[in-house]
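Below: one structure, written as structure tokens.
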Amino acid sequence: MGSRPAVAGSAGGSGGAGQAGSAVVEFVLVGLLAVVAALAVAQLGLFLWERNAVMGSLAEGARVAATHGRGVDDGERVAATLVRQALGGRVAAAVRIRGGVDGDRVVFRAVGILPSFLPGVPGLPVRMRATMHEEERLCAGGCLPGPAGR
């Protein structure tokens, strides 16, 4: 008829099931934080890749437009096709590419917003410019012949 002393970790004491429950909560919170961080890094990488693809397409379009016998329309078509092939129609529709001539240079500009794949995350605004000297103006006095043997 005596009473038994409470044992640590029993239902009447602190610990045991309560600590096991808090471990699950901590695991879920840390896991959620890790997933959010991984998605943020993936979105940043995607934005950088898309930006570089648009810049490369813009530079190639300017190069085509500056080529002897080609025009700005040819360069715009090439740049838009490269963006569509590299990044898909969603990005191609979000970024506008325009070309023009400024003195002896062909200037191409891309303006738009690169869309995010994560809901609730705003897109990345882009404003880029690529320039190229026109071949006709560079070779107006006659281009130098290539090295001997070519």
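So here's what we get for this one:
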read-out: Inverse of mean 1/r across different Cα pairs in segment 24-138, Kirkwood, Å; value: 15.6
read-out: From phi via Karplus (6.51, -1.76, 1.60), per-residue ³J(HN,Hα) for segment 117-126 in Hz, x at Gly/Pro; value: 8, 9, x, x, 9, x, x, 9, x, 10
read-out: Relative packing of peptides 52-63, 92-103 - highest average C-beta neighbours within 10 Å first; value: 52-63, 92-103
read-out: Per-residue Cβ neighbour rank within 10 angstrom, fewest leading, L82, L29, L39; value: L29, L39, L82
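None of the figures in this text is laboratory data; all of them are computed from the coordinates on show. Bear in mind that the values here come from a model prediction, so they are computed numbers and not experimental data. Glycine also receives a Cβ, built like all others from the backbone with ideal geometry; neighbour counts cover every protein chain displayed.
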